[in-house]
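Written out below as structure tokens is the structure these notes cover.
The values are calculated or read from the model by the stated rules, or taken from the named source; none is laboratory data. Keep in mind it's a predicted model, so treat the numbers as computed, not measured. Neighbour counts run over all protein chains shown; Cβ positions are idealised from the backbone, glycine included. Heads up: the accessible areas ignore ligands, DNA and RNA and are worked out on the full protein's heavy atoms, side chains in. Shrake-Rupley method; radii C 1.70, N 1.55, O 1.52, S 1.80 Å.
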Number of protein chains: 2
Amino acid sequence: MQAYNLWPPTMEKHVTGGRRKFRREGADLRRSALVRATLDLIAEEGVRGATVRAIAERAEVTQGLIRHYFSTKEDLVLAAYLEHMAGLTEQTFATVERGGNARTRLVALVVASVTPPVVDAASVGLWAGFLNHVRQDERMREVHARTYHEFRDRLETLIVAALEEAGRVIGTGQARRLAIACNAVIDGLWLEGGALPEAFEAGELPGIALKSVGAILGLNLERGEQI
Amino acid sequence: MQAYNLWPPTMEKHVTGGRRKFRREGADLRRSALVRATLDLIAEEGVRGATVRAIAERAEVTQGLIRHYFSTKEDLVLAAYLEHMAGLTEQTFATVERGGNARTRLVALVVASVTPPVVDAASVGLWAGFLNHVRQDERMREVHARTYHEFRDRLETLIVAALEEAGRVIGTGQARRLAIACNAVIDGLWLEGGALPEAFEAGELPGIALKSVGAILGLNLERGEQI
DNA sequence: CAGGTAATTATGCAAGCGTATAATTTATGG
DNA sequence: CCATAAATTATACGCTTGCATAATTACCTG
């Protein structure tokens, strides 16, 4: 993720004799630039490195502007968390939604979840950094819960569809439990793959993920058609 | 975890007219008290709350003493991380090692991993707080890797034994993959159970964990004898 | 093209941080 | 019982932090 230089080459910021000293931008643009800077910094340097000053510098504004858009730093961090989790979910489901039968879509989801760019050290670091805030901030906790349930519910829907496709109908209770279980495998592999990449051989995780989820569901998700 | 009052009731610290102003303690005792204070603080208030001053106060010493035992704060945090992860592993395996056949021990391990006190919000918060440091500190990364592999290796040994007990012999490659998969389920459930306790019904996780691990291994781990 | 308004910068403050170092106090051993 | 070393406290420094507030600046509207 690169920070954008909002200035024409001949009109640098703060240049004596330059015409403008800064440029007004729309609120949305500035807010998203600040959020992006926050995410990049937490990913690169950890929560500790994401100070108000560093964020402002990264976003190429002065620190006072942060207060103009976010009444507190915690608000900015919350916005960044929201953005990150939404992006992660979207990224994971991106290749899934379009077409194919349920089994194919499920396979795509599982594979995407444990493959770069979803599996990524910075992404896991980011997530861990936020998780620490979650315990202390009510709003963060709410985002955490919502994100988790959203992903799990979509997974559950896909599982039910894939099983029906195979001629099996299950109750809501079992669907719930299967989704929790599959979600746990995916989460676990995603986490470990991101936090400890050197512990796994290249391309090892998708195979393990498919075999495990398949075993839990009683479906053969690897190569070939059903069963 | 309570902080201990090292002083006799009649001889409080800093009391004017009291005899001693402090008491010398063995290095091990002080080091462990500081580590414990650090863990408690990170668990309760997050990484941000675990300042040198707060840690010293919690351990009932002055802040200068920290520097006497740990040359830097990062060293103290490292020691705390080591302690926490070792404790977590030990706690998880505690009920497992003693007796029983391999299948029984495996069941015990899986259940213990997703049940309090191993599943615990503070413990997960602690773990997440440390994970953030892991990305930036080489020594932390080393502890992280070692802890992960140690747990997974012990799990793998247990899996191989349980399968052999059922008359199945597997190769090292498959043993490795099964261990990775089962470890991921356990990790995922542990994480979610700790971070989002209200998302699960009471006692729901052990059942899900046993069914999932059983499905992955092709073993019936729930009630009754094998198969 | 003037004037108002909102965006942005500039400046500063008070508190908290980790660390360093010197001064005390306790315990130990001859 | 005194000397010595180690544990512990006391104090302070320099830096960074988040936040506040006032001074500028750019842009929009008439």
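A few points about this structure:
- Each copy carries a label point for A:A166 at 7 Å from Cα along the beta-carbon vector; from one copy to the others these points are 1.7 nm apart, nearest first.
- Pseudo-label separations to other copies for B:R67 - Cα-to-Cβ vector, 7 Å, nm: 3.2
- The mean number of Cβ atoms from other chains found within 10 Å of a Cβ in peptide A:186-194 is 5, as a whole number.
- Shielding of peptide A:37-49 by partners, expressed as the average count of other chain Cβ atoms within 10 Å per residue Cβ, is 2.
- Share of Cα-Cα pairs in the range A:74-217 lying beyond 25 Å, as whole percent: 29
- Phi-based couplings in Hz for the range A:204-218 (Karplus 6.51, -1.76, 1.60; Gly and Pro marked x): 6, 5, x, x, 4, 4, 5, 5, 5, 4, x, 5, 5, 8, x
- Global size of the protein assembly as shown as Cα Rg and Dmax, reported in angstrom: 25.1, 85
- With θ taken as phi - 60° and the Karplus curve 6.51 cos²θ - 1.76 cosθ + 1.60 applied, the whole-hertz 3J(HN,Hα) list for the range A:144-149 is 4, 5, 5, 4, 4, 5 Hz, x standing for glycine and proline.
- Per-pair calculated FRET efficiency, R0 = 45 Å: A:V52 and B:A94 via Cβ, rounded to 0.05: 0.50
- Computed lengthening from B:T172 to B:E74, 0.36 nm per intervening residue step minus Cα-Cα distance: 31.5 nm
- Neighbour-limited loop hits for GluC sites (Glu not before Pro), the range B:153-220 (at most 11 other Cβ within 10 Å; DSSP other than H, G, I, E, B): B:E201
- Per-copy distances of the A:K21 label point, shortest first, in nm (7 angstrom along Cα→Cβ): 5.4
- Farthest toward the positive end of the dipole of chain A, out of A:S71, A:G171, A:L205, is the Cα of A:S71, where the dipole comes from beta carbon charges about the Cα centre.
- Probe 1.4 Å, all protein chains present, accessible-area order of B:L221, A:L65, largest first: A:L65, B:L221
- Probe 1.4 Å - accessible area at B:D120, Å² to nearest ten: 60
- Cβ-derived FRET efficiency at R0 30 Å, B:A202 paired with B:D28, nearest 0.05: 0.15
- GNM remark for chain A: springs join alpha carbons under 10 Å apart, and the peak mean-square fluctuation among A:R105, A:R135, A:R23 falls on A:R23.
- Its Cα centre serving as origin, the range B:135-197 has a Cβ charge dipole (Lys and Arg +1, Asp and Glu -1) of approximately 140 debye.
- Area accessible to solvent at B:W127, 1.4 Å probe radius, in Å²: 30
- Gyration tensor over the Cα atoms of the range B:15-131: the corresponding equivalent ellipsoid has semi-axes (square roots of 5 times the eigenvalues, largest first) of 34, 16, 12 Å.
- In order along the range B:158-169, the Karplus-derived 3J(HN,Hα) couplings, from 6.51 cos²θ - 1.76 cosθ + 1.60 at θ = phi - 60°, round to 5, 4, 4, 5, 5, 5, 4, 4, 8, x, 10, 10 Hz, and Gly and Pro are given as x.
- Each residue was assigned an accessible area with a 1.4 Å probe, and for A:K211 the value is about 120 Å².
- Point-charge dipole on Cβ atoms (K/R +1, D/E -1) for the protein assembly as shown, about Cα centre, debye to 20: 1380
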